[in-house]
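J.: Here's a structure for you.
What follows draws every value from the coordinates through simple rules; no lab data is involved. Here the structure is a predicted model, which is why all the values come from computation and not from measurement. Positions of Cβ are backbone-derived with ideal geometry, glycine not excepted, and every protein chain shown enters the neighbour counts.
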Amino acid sequence: MIKTKLFNSHLLEDEYYSPFEENNADGKKKRIAALERAWQNRDFEIDKYWSRAAYFWAFIASAFAGYISTANSDNLKKFPELPFIIICLGLVFSVAWLLVNIGSKKWQENWEKHIDMLEDEVTGPLYKTVLNKTSYSVSNINIYVSLFIIIAWMGLTIISLVKTGFNLIMILSLFVTLLFILLLLFLAKTKSGEKRKSYSFSRRLNDYE
C-alpha cells in the first residue's frame, strides 16, 4: 500500500527546478525530456478538448432538435411533459459541457506554464515570445458559448413551466436535474495539491507450460 503525502501547494522557483538538477550530469537531459513531455501533453489536451466539444455538441444539438420536434407535435397531449424532460436533459449536458471546458482549459494552461518554465535553457524563450496583436481565446469563447446555452435552457425551462404548469412528473424531473447539477458542481471538482488517497497495485502472473 502506497500512501501519498500532501503536495507543496506553493512551489518557489528554486523548488520547481531542483528535481531537474539533483544529478548535474543528467539535469540537461531531464529538462529536455520534461519539455518534450509538456509539449506532448499540451497537444493531447488540445486534441481531447475538441473531441469532447464535438461529443457534447452532438448531445446538445440532439436535445434542441428533440425539443423543437416534440413541442410542435400533434401528439403532445398524450405526454405533455416530454418537452420539459428534454429541456432537463439539455440543461444537464450543457452544464457538464461548461465544467468540462473549464477543466480542459486548466490542464492546457498547466502544460503551457511548464513549457514557459522549461524552454529557456533548451530552445530559448520561443513559446513565450508572442506577436503584439490583440486576439481572442478559443477556450474562453467556448466557455461563454456554453454559458449562453445554459441560459437558453433555463429560459425554456421557465417558459415550459409557465405554459404547462406543475405536475408530479415535471417536479420530479426538475428535482433530479437540479440534484445532478449540484453533484457535478461539488463532487466532480478536483483541487490541485490536495492529498490523494492511498493506492496499491496488483500484477497478473503468466502460467508457463
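J.: With a cut-off of at most 15 other beta carbons within 10 Å, and DSSP calling the residue loop, which chymotrypsin sites (Phe, Trp or Tyr not before Pro) in the stretch 125-172 qualify? Please list them.
T.: Sites meeting the loop and neighbour criteria: Tyr136, Phe166.
J.: Let me ask something else. Quick one: angle between helix 82-118 and the longest Cα principal axis of the chain, in degrees between 0 and 90, rounded to 10, please.
T.: Tilt of helix 82-118: around 10 degrees.
J.: Under 4 °C and 1.567 mPa s, how fast does the chain diffuse according to Stokes-Einstein, given a Kirkwood radius computed over C-alpha pairs? Answer in µm²/s, whole number.
T.: So the translational diffusion coefficient is about 60 µm²/s.
J.: Follow-up question, since we're still on this one. Pull out the extension gain between Leu12 and Lys189, defined as 0.36 nm times the separation in residues minus the alpha carbon to alpha carbon distance; nm, one decimal.
T.: Separation in residues times 0.36 nm, less the Cα-Cα distance, equals 61.2 nm.
J.: By how many degrees, between 0 and 90 and to the nearest 10, does the Cα long axis of helix 138-164 differ from the longest principal axis of the chain?
T.: That works out to roughly 20 degrees.
J.: Tell me the mean residue ellipticity at 222 nm calculated for the chain from its helices only (DSSP H runs of n ≥ 4, each -39500 (n - 2.57), averaged over every residue, nearest 500). Mind dumping the intermediate values first?
T.: Details: 5 runs with 137 residues, N = 209.
For the chain, the value works out to -23500 deg cm²/dmol.
J.: At a Förster distance of 30 Å, what's the computed FRET efficiency of Leu172 paired with Lys77, Cβ-Cβ distance as r, to 0.05? Intermediate values should be presented prior to the final figure.
T.: Details: r = 20 Å, r/R0 = 0.68.
Once the sixth-power term is evaluated, E becomes 0.90.
J.: Which ordering of Met154, Met117, Met170 is given by a fewest-first count of other beta-carbon atoms within 10 Å? Spell out each step's value before the answer.
T.: Details: Met154 13, Met117 17, Met170 20.
In increasing order of surrounding Cβ atoms, one gets Met154, Met117, Met170.
J.: Give, in whole angstrom and from largest to smallest, the semi-axes √(5λ) of the equivalent ellipsoid of the stretch 106-165, with λ running over the eigenvalues of the Cα gyration tensor.
T.: 44, 13, 4
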